[in-house]
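J.: So that we are looking at the same thing, I have put the structure below in structure tokens.
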Amino acid sequence: ALRMNIGGTLILNGSISSEGKVGTGSYAGGGAGGSVWLSLATWTGTGSISANGAPGILPGGGGGGGGRISVSFNSNSFSGSITAYGGIGTNNAGAGTIYLKTNSQAFAQLTLDNGGNAGTNTTFDSGLYDLAIVGKAAAQISTSVSVRHLRVGSNSTLMATATFSPLTLSITASGDVTVDTGGAISMDGQGYTAGQGPGGGYTSQPPRGGGGHGGIGGANPGSRTSGVGSA
């Protein structure tokens, strides 16, 4: 992790980075990006800040996960790049997080951006920020979250991953929610485990009946029962 407290101006025309290291040897996975944490009075320049994951060694190495970048400031005219991409590989890694906050404002900007490479998931906490999930990032939540504005970009996903079944998830946005064409908010497959719950299908022998909720599940042959509808 790189931690910097600057009472004056950060003039960044070069780079500040905490990137993962490329693995060595056949099938090696890439190292994850690290952390960059900057507390600034004034911020300017055209350089770069990065905490990207490293690529995996093909044909068998997975990419390293993107890291964490946090920058707080009084004033900001920086026009360079800020990236925390997951590394590419046999399986691409998930995006890191980029947290930007003007000290005089209550809400920050939290961005999950994987640079256009679909990869694994990214976790984050609820907070006072505007949340953007873009660049084919896949944001994963396992509990209810609250934000101000929410944007899910094209080919990007906000998904739930159950730590128990069934999962009831609440997303509270005090401002606007935008889901771009090709973007998704998904609760697919997060109900009761197989054969369980009030709408569970018949499972003691194949072929099996389908589960039921609003609609009753399809019955299997031999007068076996299907999942009944539930409220």
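J.: Given a 1.4 angstrom probe, I'd like the percentage of the accessible area of region 30-108 that is carbon and sulfur, rounded to a whole number.
T.: C and S fraction of accessible area: 53 percent.
J.: Tell me, Kirkwood radius of the chain from alpha-carbon pair distances, in Å?
T.: 19.9 Å
J.: How would region 71-177 be classified by its alpha-carbon gyration tensor: rounded, prolate or oblate, with rounded meaning a/c under 1.5 and the a/b versus b/c comparison settling the rest?
T.: Oblate, because a/c is 1.5 or more while a/b does not exceed b/c.
J.: Kindly rank 61-69, 44-52 from highest to lowest mean number of other beta carbons found within 10 Å of each residue.
T.: Final packing ranking: 61-69, 44-52.
J.: Express the accessible area of the chain per residue in Å², computed with a 1.4 Å probe while the remaining protein chains stay in the model.
T.: The answer is 50 Å² per residue.
J.: For the chain, give me the percentage of DSSP beta bridges that are antiparallel, rounded to the nearest 5 percent.
T.: So the antiparallel bridges amount to about 5 percent of the total.
J.: Sorted by mean Cβ packing within 10 Å, highest first, what order do the peptides 136-142, 14-20 take?
T.: The densest-packed peptide leads the list: 136-142, 14-20.
J.: While we're looking at this one, here's another question. If you roll a 1.4 Å probe over region 143-195 with all protein chains in place, what percent of the accessible area is carbon or sulfur?
T.: 48 percent
The values are calculated or read from the model by the stated rules, or taken from the named source; none is laboratory data. Remember, it's a predicted structure, so these values are computed and weren't measured experimentally. Every residue, glycine among them, receives a Cβ derived from its backbone with ideal geometry; neighbour counts consider all protein chains shown. Accessible surface areas use protein heavy atoms only, side chains included; no ligands, DNA or RNA. Shrake-Rupley method; radii C 1.70, N 1.55, O 1.52, S 1.80 Å.
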